[in-house]
Amino acid sequence: MPSITVDNEKRVKIVSSSTMIIRSAKADIEYDLKDGDYAVLIFNDSKKDLTISDHGQISNARVNITYIQLDDHDLIQNSHIDVNRDSSLTINATYLGSKNKDIIFDLVNNEPDSNIDITSNIVCLDESAFKLDCIGTIKKGSKRSKCHQASHCLTMGNPKKATVLPVLNIDENDVEASHSLSCGTIDDEILFYMNSRGLSSMQALNLILRSYLMPDEHFYDDFIDGKAIQEMAAKKVDSLCSM
Amino acid sequence: MNKLVIKDLYVSAGDKEILKGIDLQINEGEIHAIMGPNGNGKSTLLSTIMGHPAYTVTSGSIEFNGEDVLKMSVDERSRKGLFLAMQYPKEIAGVTNSDFLRAAINARLDKNISLFKFIKEMEGNISRLKMKEDLAHRFVNDGFSGGEKKRNEILQMMMLHPKIAMLDEIDSGLDVDAIKLVSDAILNLKEESNLGLLIVSHYERFFTMIKPSHSHVIVDGRIVVEGDDELVYKIDNDGYDWLYEELKIQPLKEERPMVYSLGTCARNPRGKNA
């Protein structure tokens with residue numbers, strides 16, 4: 001699987017499975033994924049304020065896209081993806097909400113038998129402002145399509161604002177659509193439960209943060225630099241727990 | 001010898017006094033049954049021993065092997081050997097059972113448990129409890145049925161090897177076969193490790209299998225009568241009314257939160273309130 005480092009502002013076209021390491025201040029990504037199974041990992045390693053624009057279409061393909069954003073800088077992300085006939089798109093998005101983050105996912109079931117499933121895990125830190133608009137649109141004619149959204153936002157400290165807005169625009173019958181959302185601090189009862197098994201509050205927090213910020217260890221096996229990204233995420237979790 | 005000693009314990013939740021002078025001693029190898037009508041302090045007693053922050057001990061003491069439990073944090077109590085199997089176990093989405101249990105085991109060891117030993121022990125216990133093989137990789141209690149949650153509590157108890165275990169209505173939500181399975185697992189653990197048990201249940205069927213060595217009835221925050229397993233059978237046959245008459249006491253009525261209808265959410269399509 002190729003690893004692409006984005007270090008300038010030219011548009012990058014993705015036509016196969018890829019690991020994308022973003023190091024520029026702007027990234028313009030176009031998807032054109034057809035006829036097959038694909039996995040794409042987009043990792044923000046820019047270490048500066050970043051604007052990502054990714055867009056494109058998926059046709060007769062099954063695609064997993066993973067976004068990992070653990071950087072301490074501002075982020076604007078605008079993602080628009082059309083999913084065509086007999087295709088499925090699964091998105092796992094992980095955000096460490098520090099500074100200002102403004103994310104829009106605009107995902108369209110464009111034709112019949114198209115499936116979209118998006119899960120966003122967000123940890124919002126002290127003094128951060130985070131906004132996620134997750135918009136799912138099932139267009140007229142897209143019969144038997146599915147669009148499911150799940151967003152989990154964990155707030156730590158005192159964020160300025162954490163906003164998660166799930167939207168479903170449904171213009172067809174005979175479809176499946178759902179959204180779920182949780183937003184808030186760690187439930188005291190969950191903390192008590194974990195404490196009652198011998199875990200200190202810090203150990204409990206570490207486990208919970210890992211569940212938000214780190215996909216399971218086998219997830220990265222397919223990607224170049226996957227291990228390094230996983231180690232970076234683990235370090236980030238450990239540093240958050242020692243704050 | 002492991003022993004948990006509770007003396008003249010008074011406990012409040014907010015401004016409401018729930019426990020009003022509990023005296024109880026549980027030694028290793030003993031099985032204590034706690035019974036009583038709903039809302040009279042059984043679960044509060046167990047949660048207080050474990051250190052639930054909703055409850056305030058206003059006077060009295062709890063000692064475990066001579067150490068003051070009330071000075072310990074919740075996790076410290078667990079690491080000392082106390083265990084609470086909860087009536088409503090919490091769901092922890094995103095954290096797998098294996099990660100959770102391994103972290104909990106490592107928290108009480110000087111050197112981390114080897115992966116091989118952990119997997120072997122976990123798989124053995126999953127098999128003993130006839131739970132699904134993929135349990136280790138599922139998130140803690142997430143999407144579990146009521147019965148699965150209760151079995152998972154027992155699995156955790158088996159993995160953590162406590163010295164005194166408190167089981168809060170662990171049999172509710174279990175079918176007859178599962179109750180047998182769970183009670184066998186509890187008794188095996190007791191035989192292996194001389195575990196002391198404090199068990200809250202409403203059902204004689206469970207106590208028939210467990211055979212408690214001591215039994216206590218809590219009414220209005222006090223232990224009003226004590227005995228052996230015969231007391232369990234008497235209450236199952238005769239209920240609590242004879243006790244109220246004999247002792248001239250009244251149980252507290254369980255308070256349930258009021259349910260309000262949200263008008264706008266409960267409207268029918270014609271706009272009238274449902």
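Just want to confirm a number: the relative contact order over chain A, from Cα pairs under 8 angstrom separated by 6+ residues, in percent.
This gives 12 percent for chain A.
Once R0 is set to 45 Å, what does the formula 1/(1 + (r/R0)^6) return for the Cβ-Cβ distance between A:Asp126 and B:Leu247, expressed as a FRET efficiency to the nearest 0.05?
0.20
How far is helix A:201-213 tilted, in degrees, relative to the longest principal axis of the Cα atoms in chain A, given as a value from 0 to 90 rounded to the nearest 10?
10
Using a 10 Å Cβ count of at most 13 others and DSSP loop calls, identify the longest part of chain B lacking such trypsin sites (Lys or Arg not before Pro).
B:133-247
Return the subset of A:Lys161/B:Lys90; B:Lys3/B:Lys190; B:Lys111/B:Lys150; B:Lys149/B:Lys234; B:Lys20/B:Lys42; A:Lys99/A:Lys236 for which the Cα-Cα distance in this structure is over 19 Å, preserving the input order.
Table pairs above 19 Å Cα-Cα are A:Lys161/B:Lys90; B:Lys111/B:Lys150; B:Lys149/B:Lys234.
Straight-line reach from A:Lys13: which lysines fall under 21 Å, measuring Cα to Cα and dropping same-chain residues less than 8 apart?
The reachable lysines, counting only those whose Cα sits under 21 Å from A:Lys13, are A:Lys26, A:Lys34.
Mind checking which aspartates and glutamates have their Cα closer than 13 Å to the Cα of B:Lys132? Skip sequence neighbours fewer than 8 apart in that chain.
Cα-Cα hits under 13 Å: B:Glu123, B:Glu148.
Enumerate the amide H contacts of B:Asp220 below 5 Å, restricted to partners 5 or more residues apart or on another chain; note that Pro and chain-start residues carry no placed amide H.
Those qualifying (amide H under 5 Å, at least 5 residues apart or on another chain) are B:Leu252.
At what distance in nm do the modelled label points of B:Asp228 and A:Lys161 sit from each other, each positioned 7 Å from its Cα along Cα→Cβ?
Distance between label points: 7.0 nm.
Given an 8 Å cut-off on Cα distances and at least 6 residues of separation, report the relative contact order of chain B as a percent.
Relative contact order for chain B comes out at 26 percent.
Using a 10 angstrom cutoff on alpha carbons, build the Gaussian network for chain A and name the most mobile of A:Tyr193, A:Tyr95, A:Tyr31.
A:Tyr193
What percent does the relative contact order of the range A:40-184 come to when contacts are Cα pairs within less than 8 Å and at least six residues apart?
That works out to 19 percent.
A short reminder: the numbers here are calculations on the coordinates, not readings from a lab. Worth saying up front: this structure is predicted, and the values here are computed from it rather than measured. As a convention, Cβ positions derive from the backbone with ideal geometry for all residues, glycine included, and neighbour counts pool all protein chains shown.
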